[in-house]
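As structure tokens, the structure follows; a few thoughts come after it.
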Amino acid sequence: MRIEMRKVIACLVIVVLCPAAAASPPADQSVLAVDSIGITVNDLDRAVDFYTNVLTFEKVAEHELAGNESEHLFGVFGLRLRVARMRLGDESIELMQFLAPRGRPTPVDSHSNDRWFQHVAIIVSDMDQAYARLRKFKVEHASSGPQRLPDWNPNAGGIEAFYFRDPDGNPLEILEFPPNKGAAKWHDARGKLFLGIDHTAIVVADTEASLRFYRDRFGMQVVGTSENYGTEQEHLNNVFGAHLLITALRAPQGPGVELLEYLAPRGGRPIPADTQANDDWYGQINMHVRDAGTGVVVKDPDGHASLLATER
């Protein structure tokens, strides 16, 4: 069952929109599923066209939100929000355009080690074909080109990946697993090039602090770790000297959440403390939890947002 923001807002009583909320959670916030990933865009029609025609997502729903309850849920006064739900395989994203008020643009000098970085990892059946398709549509590169991670790395060796951006500058990744890695469904293409979403990745300052939030508070399970560095990782992230500690977490259903801690370079900038949902760099992980009480938005220690809703 998917999260529908209209239903979440209908039962909204209280909203938490700060990291301190971790001190007093409702009775049981165990995550049952990652429902979807929310992405803020400036032009919903353009974004829907891109995700549909370039990446072969299917638009399954669209609605608008406004009013006092929506303002309290997102912490944005006077909002009017268009939301389009897009599905690829078994997974979904939600594209969010704030018709009012407009937020701030992503800093033009953003890098992949800045902590507002969040991407959605789309699995492909053939990296060469997928990259050629992205070139055909003249997508903006975020990597220098597809990278094959080296075989010396036991948990990441053989994975091919490429970072790029959607028309609003949101980072995305295409990723192809070798035969010995990834879920079985990623090796059953059935003639499709773009298969689904494996995870969303977020940059964090301290893996242990993030694990206390996602693992200890919400019950997500660590399913893998990897330490990635070398020229391939540098060119993938487009960060010179990139050396990452990567921790993969999963709920019982839905895409995973991947924590990216840059062991080097350590100069990534924090998410601005005054970030709002209408700012272009805002992303949101939509989760089904066992007992959210009501719809609630919480932020992790780095300021990444999650919308929690009880499955109904």
Margin query: Just to be sure I understand, how many residues within segment 178-223 are under 23 Å from residue 281 (Cβ atoms) and part of a strand (DSSP E or B)?
Written below: 8
Notebook entry, point to check: Across segment 131-149, what is the total count of residues that are in contact (Cβ under 8 Å) with a residue 60 or more places away in the chain and not in a helix (DSSP H, G or I)?
Noted result: 9
Note to self: Being under 26 Å from residue 269 (Cβ atoms) and either crowded, with 17+ Cβ neighbours inside 10 Å or charged (D, E, K, R) (or both) is the filter here; which residues of segment 123-148 pass it?
What the structure shows: 139, 140, 142, 143, 147
Notebook entry, point to check: Restricting attention to segment 254-267, does a residue exist that is in contact with a Phe, Trp or Tyr (Cβ under 8 Å, 6 or more places away or on another chain), touching a residue at least 40 places away in the same chain (Cβ under 8 Å) and assigned to a loop (DSSP other than H, G, I, E, B)?
Noted result: yes
Notebook entry, point to check: Just a yes or no: is a residue in segment 169-191 of a type in the set (A, V, I, L, M, F, W, C) and within 30 Å of residue 65 (Cα to Cα)?
Noted result: yes
Checklist line | Test set (1) over 18 Å from the mean Cα position of the chain (by Cα); (2) surrounded by fewer than 16 Cβ atoms within 10 Å (Cβ to Cβ) - residue 222 fails condition number | finding: (1)
Checklist line | Residue check for residue 153: assigned to a strand (DSSP E or B), over 16 Å from the mean Cα position of the chain (by Cα) and in contact (Cβ under 8 Å) with a residue 12 or more places away in the chain | finding: no
Check: Condition test on residue 65, is it at pLDDT 95 or above, within 16 Å of the chain's Cα centre (by Cα) and among the hydrophobic types (A, V, I, L, M, F, W, C)?
Finding: no
Next item on the list: Considering only residues that are within 20 Å of the chain's Cα centre (by Cα) and of a type in the set (Gly, Ala, Ser), look in segment 76-100 and name the one that is nearest to residue 251 (Cα to Cα).
Entry: 92
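Looking only at segment 177-191, which residues are over 10 Å from residue 89 (Cβ atoms), surrounded by 10 or more Cβ atoms within 10 Å (Cβ to Cβ) and touching a residue at least 12 places away in the same chain (Cβ under 8 Å)?
We begin by selecting, within segment 177-191, every residue over 10 Å from residue 89 (Cβ atoms); these are 177-184, 187-191.
Subset that is surrounded by 10 or more Cβ atoms within 10 Å (Cβ to Cβ): 177-178, 181-183, 187-189.
Once the filter is applied, which keeps residues that are over 10 Å from residue 89 (Cβ atoms), surrounded by 10 or more Cβ atoms within 10 Å (Cβ to Cβ) and touching a residue at least 12 places away in the same chain (Cβ under 8 Å), segment 177-191 yields 177, 178, 181, 182, 183, 189.
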Notebook entry, point to check: closer than 23 Å to residue 141 by Cα and out of contact with any Ser or Thr (no Cβ under 7 Å at 6 or more places or on another chain), is that true of residue 197?
Noted result: yes
Next item on the list: Working only within segment 224-250, note down all residues that are more than 21 Å from residue 172 (Cβ to Cβ), in contact with a helix residue (DSSP H, G or I) (Cβ under 7 Å, 6 or more places away or on another chain) and outside any strand (DSSP E or B).
Entry: 240, 241
Notebook entry, point to check: Is there a residue being of a type in the set (Asp, Glu) and in a loop (DSSP other than H, G, I, E, B) anywhere in segment 54-76?
Noted result: no
Note to self: For the structure I just gave you, tell me whether residue 290 is surrounded by fewer than 20 Cβ atoms within 10 Å (Cβ to Cβ) and within 23 Å of residue 208 (Cα to Cα).
What the structure shows: no
Next item on the list: Identify the residue in segment 269-309 that is in contact with a helix residue (DSSP H, G or I) (Cβ under 6 Å, 6 or more places away or on another chain) and assigned to a loop (DSSP other than H, G, I, E, B) and, among all such residues, is nearest to residue 96 (Cα to Cα).
Entry: 277
Item checked: Members of segment 82-130 found to be in a helix (DSSP H, G or I), touching a Phe, Trp or Tyr at 6+ places or on another chain (Cβ under 8 Å) and over 15 Å from residue 56 (Cβ atoms), listed by number -> 127
Check: Condition test on residue 156, is it hydrophobic (A, V, I, L, M, F, W, C), touching a strand residue (DSSP E or B) at 6+ places or on another chain (Cβ under 8 Å), surrounded by 14 or more Cβ atoms within 10 Å (Cβ to Cβ) and under 28 Å from residue 95 (Cα atoms)?
Finding: no
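Output the residue which, of all residues in segment 231-253 that are small (Gly, Ala, Ser) and touching a residue at least 60 places away in the same chain (Cβ under 8 Å), is surrounded by the fewest Cβ atoms within 10 Å (Cβ to Cβ). Reasoning before the result, please.
If we filter segment 231-253 for residues that are small (Gly, Ala, Ser), which is where we start, we get 241-242, 248, 251.
Going one step further and asking which of them are touching a residue at least 60 places away in the same chain (Cβ under 8 Å), we end up with 242, 251.
On the way: 242: 24, 251: 22.
For segment 231-253, the residue satisfying everything is 251.
The values are calculated or read from the model by the stated rules, or taken from the named source; none is laboratory data. Only a predicted model underlies this, so the values are computations on that prediction, with no experimental measurement involved. For neighbour counting, all protein chains shown are included, and Cβ atoms are generated from backbone atoms with ideal geometry for every residue, glycine included.
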